[in-house]
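Engineer: Dumping the structure here so I can ask a few things about it.
Where a number appears in this text, it was derived from the coordinates with a stated rule and is not lab data. The shown structure was predicted, so the numbers you read here are calculated from the model rather than taken from an experiment. As a convention, Cβ positions derive from the backbone with ideal geometry for all residues, glycine included, and neighbour counts pool all protein chains shown.
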Amino acid sequence: MQSIVILISGGGSNMAALVRAAQQEDWAARYGAAVAAVISNRADAAGLLFAKAQGIATHTISQTDFPDRGQFDAVLAQAIASCAGAGKPPLVLLAGFMRILTPGFVQAHAERLINIHPSLLPAFAGLHTHERALAAGCKFAGATVHRVTEVLDEGAILEQSVVPVLPEDDAHSLSARVLATEHIIYPRAVRRLLAAGLS
């Protein structure tokens with residue numbers, strides 16, 4: 001069985017979309033894949049409650065318990081490996097995980113580490129994407145599912161969604177419209193990876 005481990009920091013709406021897709025489309029039977037665990041770096045992340053309600057194992061690993069990023073990432077990697085069990089290395093999905101991972105962690109999970117970013121990459125990598133898109137006068141915005149590399153938000157693009165920027169938009173309204181598309185393209189991108197054997 002291909003294990004999927006999802007990393008979150010907050011509400012986990014993209015995580016929930018992935019879990020629902022896995023359940024409704026029976027990824028276990030179709031692709032031999034299942035969500036094995038949800039891990040958060042925040043104990044108060046609301047997404048943990050959803051995962052627990054679905055019977056999914058949850059773990060909290062707080063960066064404040066470690067003196068540096070390297071030690072945090074080492075413990076995170078151990079937790080991911082323990083969730084996966086025997087068989088294939090796990091597919092690790094970042095779903096609103098607000099931590100920049102060390103190069104060693106990224107290299108250890110090469111080609112199996114996926115993120116979703118709320119902009120049309122390569123535009124507006126990093127934070128405050130919607131505010132920056134509005135300030136730049138963009139006519140379109142969107143989201144990107146991409147592989148994670150050592151360079152922030154520069155991995156190969158797997159899926160993108162596009163939404164128009166409306167004259168009355170502010171960062172909140174634009175964010176909500178983009179988020180709705182994220183819930184569509186993230187499961188679709190993962191589904192394609194599983195169907196292709198993560199190639």
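Engineer: Could you give the length gained by full extension between residue 53 and residue 82, i.e. 0.36 nm per residue of separation minus their alpha carbon distance, to one decimal place?
Structural biologist: Between residue 53 and residue 82, full extension yields 8.3 nm more.
Engineer: With runs of 4+ DSSP H residues as the only contributors, calculate the mean residue ellipticity of the chain at 222 nm using -39,500 (n - 2.57) per run, divided by the residue total and rounded to the nearest 500. Can you show the working numbers first?
Structural biologist: Details: 7 runs with 78 residues, N = 199.
Result for the chain, helices only: -12000 deg cm²/dmol.
Engineer: Which FRET efficiency value, to the nearest 0.05, do you get for residue 26 and residue 168 by plugging their Cβ-Cβ distance into 1/(1 + (r/R0)^6) with R0 = 35 Å?
Structural biologist: E(calc), rounded to 0.05, equals 0.30.
Engineer: Of all GluC sites (Glu not before Pro) in the stretch 94-176, which ones are in loop regions per DSSP and have a Cβ with at most 16 other Cβ atoms within 10 Å? Before the final figure, lay out each step's value.
Structural biologist: Values: sites: 111, 131, 150, 154, 159, 168; in loops: 111, 150, 154, 168.
In loop regions of the stretch 94-176 (DSSP not H, G, I, E or B), the sparsely surrounded GluC sites (Glu not before Pro) are 111, 150, 154, 168.
Engineer: Projecting each Cα onto the charge dipole of the chain (Lys/Arg +1, Asp/Glu -1 at the beta carbon, about the Cα centre), which of 77, 34, 121 comes out farthest on the positive side?
Structural biologist: Comparing the listed Cα positions along the dipole, 34 ranks first.
Engineer: Calculate how steeply helix 13-24 sits against the longest principal axis of the alpha-carbon atoms of the chain, using the helix alpha-carbon long axis, and give the answer as 0 to 90 degrees to the nearest 10.
Structural biologist: On a 0 to 90 degree scale, this one is about 60.
Engineer: What number, in percent, do you get for the relative contact order of the chain if the mean sequence gap of Cα pairs under 8 Å and at least 6 apart is divided by its residue count?
Structural biologist: Contact order relative to length: 20 percent.
Engineer: Where nothing but the Cβ of Lys and Arg (+1) and of Asp and Glu (-1) is charged, how large is the charge dipole of the chain around its Cα centre, in debye to the nearest 20?
Structural biologist: Here the size comes out at about 500 debye.
Engineer: Run the numbers on the stretch 126-191 and let me know its relative contact order in percent, using alpha-carbon pairs under 8 Å that are six or more apart.
Structural biologist: Numbers: 79 pairs, mean separation 22.4, N = 66.
Averaging sequence separation for qualifying contacts and normalising by length gives 34 percent for the stretch 126-191.
Engineer: Quick one: if you stick a label point 7 Å off each Cα along the C-beta vector at residue 195 and residue 75, how many nm between them?
Structural biologist: Distance between the two pseudo-spin positions: 4.0 nm.
Engineer: Could I ask something else about it? Calculate the spin-label point distance for residue 151 paired with residue 60, positioning each point 7 Å from the Cα along the beta-carbon direction, and give it in nanometres.
Structural biologist: 3.7 nm
Engineer: In bins 5 Å wide, starting from 0, what share of all Cα pairs of the chain does each bin hold, as a percent?
Structural biologist: 1, 8, 16, 20, 21, 17, 10, 5, 2, 0, 0
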